[in-house]
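What follows draws every value from the coordinates through simple rules; no lab data is involved. In this text the structure is predicted, and so the values were computed from the model without any measurement.
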Amino acid sequence: MPAKLKVLDQQEPASDHTTVGDVDVAAVNENIVRKKDLFSHVATVTGQKKMHVRTIVEATLEFLNQSLQDEKDVIVPPLGKITSKRTKVGTEKEKLVYQLNLRTADKIESDDPKETLAKAKD
């Protein structure tokens, strides 16, 4: 029998968290990164106010979403490259599949322009 999602009463405040029964899914799975985590992290690292950060991050995510829907490849160092590919073209099961090629720490260091310039001088 599939688990049911908790239905909130109208007086109960809405939550970002998905619940299964009375269990908060985010509390169970610490490997989930949510938008609010991104907002908090960027605000902490940059020293900017969360509302300012939220506006910028939301705009960035919307731009990335639209670019992916337009089947564009997205290259965002140091994250990596997201490529899109249509599968089962011309059938009812046609879908757009995305592949993320993460950049490793080795690759990020080797792409450092200062390091590349220093090697070229040698």
Please give the contour-minus-distance gain from R34 to S84: 0.36 nm per residue of separation, less the Cα-Cα distance, rounded to one decimal in nm.
15.7 nm
Scalar couplings 3J(HN,Hα) for segment 52-66 by Karplus 6.51 cos²θ - 1.76 cosθ + 1.60 (θ = phi - 60°), nearest whole Hz, x for Gly and Pro, are 5, 4, 4, 4, 5, 5, 4, 5, 5, 5, 5, 5, 4, 4, 5
